[in-house]
1. So which helices (runs of 4 or more DSSP H) are wholly in the range 1-91 and hold at least 3 residues that are surrounded by 14 or more Cβ atoms within 10 Å (Cβ to Cβ) and of a type in the set (D, E)?
2. Pick from G36, G56: which is out of contact with any helix residue (DSSP H, G or I) (no Cβ under 8 Å at 6 or more places or on another chain) and in contact (Cβ under 8 Å) with a residue 12 or more places away in the chain?
3. Would you please list the contacts, defined by Cβ atoms under 8 Å and residues six or more apart or on different chains, that run from a residue in the range 120-145 that is in contact (Cβ under 8 Å) with a residue 12 or more places away in the chain and surrounded by 11 or more Cβ atoms within 10 Å (Cβ to Cβ) to a residue that is in a loop (DSSP other than H, G, I, E, B) and of a type in the set (A, V, I, L, M)?
4. Which one is modelled with the highest pLDDT, of the residues in the range 57-97 that are touching an Asp or Glu at 6+ places or on another chain (Cβ under 9 Å) and polar (S, T, N, Q)?
Amino acid sequence: MLKAKTKNEFKDYLLAQGLKSTSQRELILEEFLRAGSHLSTEELYLRLRKKQPRIGYATVHRTLKLFSECGIAERRHFGDGQARYEACARDEHHDHLICVDCGKIVEFEDPRIEKLQDEVACSNGFAIERHRLELYGHCQDCRSK
(Lines give C-alpha, C1' and ligand atoms only; values in the text may rest on other atoms or scores of the structure.)
Protein backbone atom coordinates (compact mmCIF):
# COMPACT_ATOMS: atom_id res chain seq x y z
CA MET A 1 0.00 0.00 0.00
CA LEU A 2 2.82 2.41 0.92
CA LYS A 3 4.57 1.74 -2.39
CA ALA A 4 1.39 2.53 -4.37
CA LYS A 5 0.84 5.72 -2.35
CA THR A 6 4.45 6.77 -2.86
CA LYS A 7 4.27 6.09 -6.59
CA ASN A 8 1.12 8.19 -6.84
CA GLU A 9 2.72 11.02 -4.85
CA PHE A 10 5.69 11.01 -7.23
CA LYS A 11 3.49 10.98 -10.35
CA ASP A 12 1.39 13.84 -8.94
CA TYR A 13 4.54 15.81 -8.16
CA LEU A 14 5.94 15.30 -11.67
CA LEU A 15 2.64 16.40 -13.18
CA ALA A 16 2.51 19.52 -10.99
CA GLN A 17 6.07 20.40 -12.03
CA GLY A 18 5.33 19.86 -15.72
CA LEU A 19 7.69 16.86 -15.87
CA LYS A 20 7.12 13.51 -17.54
CA SER A 21 6.65 10.21 -15.75
CA THR A 22 9.13 8.02 -17.60
CA SER A 23 9.82 4.31 -17.41
CA GLN A 24 13.34 5.05 -16.13
CA ARG A 25 12.00 7.20 -13.29
CA GLU A 26 9.52 4.47 -12.41
CA LEU A 27 12.29 1.86 -12.41
CA ILE A 28 14.46 4.06 -10.18
CA LEU A 29 11.57 4.55 -7.76
CA GLU A 30 10.83 0.80 -7.65
CA GLU A 31 14.44 -0.08 -6.88
CA PHE A 32 14.80 2.74 -4.35
CA LEU A 33 11.73 1.55 -2.44
CA ARG A 34 12.78 -2.11 -2.70
CA ALA A 35 16.26 -1.39 -1.33
CA GLY A 36 14.91 -0.22 2.00
CA SER A 37 18.24 1.21 3.12
CA HIS A 38 20.28 4.39 3.02
CA LEU A 39 21.55 4.45 -0.55
CA SER A 40 24.01 6.79 -2.17
CA THR A 41 23.47 7.73 -5.80
CA GLU A 42 26.29 5.40 -6.81
CA GLU A 43 24.91 2.44 -4.85
CA LEU A 44 21.48 2.83 -6.41
CA TYR A 45 23.01 3.35 -9.86
CA LEU A 46 25.03 0.11 -9.58
CA ARG A 47 21.93 -1.82 -8.50
CA LEU A 48 19.94 -0.41 -11.41
CA ARG A 49 22.63 -1.09 -14.03
CA LYS A 50 22.24 -4.81 -13.40
CA LYS A 51 18.62 -4.54 -14.59
CA GLN A 52 18.93 -1.67 -17.03
CA PRO A 53 22.50 -1.37 -18.41
CA ARG A 54 21.67 1.78 -20.38
CA ILE A 55 20.55 3.83 -17.40
CA GLY A 56 22.75 6.84 -16.73
CA TYR A 57 24.29 7.97 -13.47
CA ALA A 58 23.02 11.52 -14.03
CA THR A 59 19.47 10.22 -14.49
CA VAL A 60 19.65 8.37 -11.18
CA HIS A 61 21.13 11.44 -9.45
CA ARG A 62 18.49 13.83 -10.82
CA THR A 63 15.68 11.41 -9.97
CA LEU A 64 16.87 11.05 -6.36
CA LYS A 65 16.85 14.85 -6.12
CA LEU A 66 13.26 14.83 -7.39
CA PHE A 67 12.34 12.26 -4.72
CA SER A 68 13.78 14.58 -2.10
CA GLU A 69 12.05 17.67 -3.51
CA CYS A 70 8.64 15.99 -3.54
CA GLY A 71 9.03 14.63 -0.01
CA ILE A 72 9.19 10.88 -0.62
CA ALA A 73 12.90 10.72 0.25
CA GLU A 74 15.21 12.54 2.58
CA ARG A 75 18.79 13.38 1.76
CA ARG A 76 21.06 12.45 4.65
CA HIS A 77 24.76 12.87 5.44
CA PHE A 78 26.33 10.34 7.79
CA GLY A 79 29.91 11.59 7.74
CA ASP A 80 31.22 9.34 4.97
CA GLY A 81 31.40 12.10 2.37
CA GLN A 82 28.38 10.90 0.40
CA ALA A 83 24.79 12.02 0.36
CA ARG A 84 22.48 9.12 1.10
CA TYR A 85 18.78 8.90 0.50
CA GLU A 86 16.21 7.34 2.76
CA ALA A 87 12.54 6.79 2.01
CA CYS A 88 10.31 9.01 4.13
CA ALA A 89 7.55 7.48 6.17
CA ARG A 90 5.50 10.49 7.20
CA ASP A 91 4.04 8.88 10.30
CA GLU A 92 7.20 7.14 11.54
CA HIS A 93 10.31 8.36 13.26
CA HIS A 94 13.58 6.59 13.90
CA ASP A 95 17.13 7.47 14.83
CA HIS A 96 20.48 6.15 13.60
CA LEU A 97 23.61 4.44 14.88
CA ILE A 98 26.47 4.90 12.39
CA CYS A 99 29.72 2.92 12.47
CA VAL A 100 32.65 5.21 11.65
CA ASP A 101 34.77 2.23 10.53
CA CYS A 102 32.59 0.18 8.16
CA GLY A 103 29.75 2.64 7.55
CA LYS A 104 27.04 0.33 8.86
CA ILE A 105 23.83 2.21 9.64
CA VAL A 106 21.38 0.84 12.19
CA GLU A 107 17.94 2.38 12.60
CA PHE A 108 16.40 2.32 16.06
CA GLU A 109 13.45 3.67 18.00
CA ASP A 110 13.34 4.27 21.72
CA PRO A 111 10.31 5.92 23.33
CA ARG A 112 12.42 6.91 26.36
CA ILE A 113 14.59 9.13 24.15
CA GLU A 114 11.54 10.67 22.50
CA LYS A 115 9.95 11.36 25.91
CA LEU A 116 13.15 12.92 27.26
CA GLN A 117 13.48 15.18 24.20
CA ASP A 118 9.87 16.34 24.67
CA GLU A 119 10.51 17.03 28.36
CA VAL A 120 13.68 19.03 27.60
CA ALA A 121 11.88 21.04 24.92
CA CYS A 122 8.90 21.70 27.17
CA SER A 123 11.04 22.80 30.13
CA ASN A 124 12.72 25.30 27.82
CA GLY A 125 9.48 26.58 26.30
CA PHE A 126 10.33 25.01 22.95
CA ALA A 127 7.96 23.26 20.53
CA ILE A 128 9.75 20.59 18.49
CA GLU A 129 8.90 20.55 14.81
CA ARG A 130 11.33 17.80 13.81
CA HIS A 131 14.63 16.35 14.95
CA ARG A 132 17.45 13.97 14.07
CA LEU A 133 19.49 11.81 16.36
CA GLU A 134 22.63 10.25 14.91
CA LEU A 135 25.06 8.42 17.15
CA TYR A 136 28.53 7.75 15.71
CA GLY A 137 30.79 5.02 17.02
CA HIS A 138 32.06 1.51 16.33
CA CYS A 139 29.74 -1.42 15.62
CA GLN A 140 30.21 -4.74 17.37
CA ASP A 141 31.81 -6.35 14.30
CA CYS A 142 34.44 -3.62 13.97
CA ARG A 143 35.16 -3.57 17.72
CA SER A 144 35.83 -7.31 17.75
CA LYS A 145 38.41 -7.11 14.93
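1. Working: elements: 2-17, 23-35, 41-51, 57-70.
Filter on the range 1-91 gives 23-35.
2. Details: G56 fails: in contact (Cβ under 8 Å) with a residue 12 or more places away in the chain.
Answer to the check: G36.
3. Y136/V100; G137/V100; H138/V100
4. Ranking the qualifying residues of the range 57-97, first place goes to S68.
The values are calculated or read from the model by the stated rules, or taken from the named source; none is laboratory data. All of these numbers come straight from a predicted model, not from anything done at the bench. Note that each Cβ is placed from the backbone with ideal geometry, even for glycine, and that neighbours are counted across all protein chains shown.
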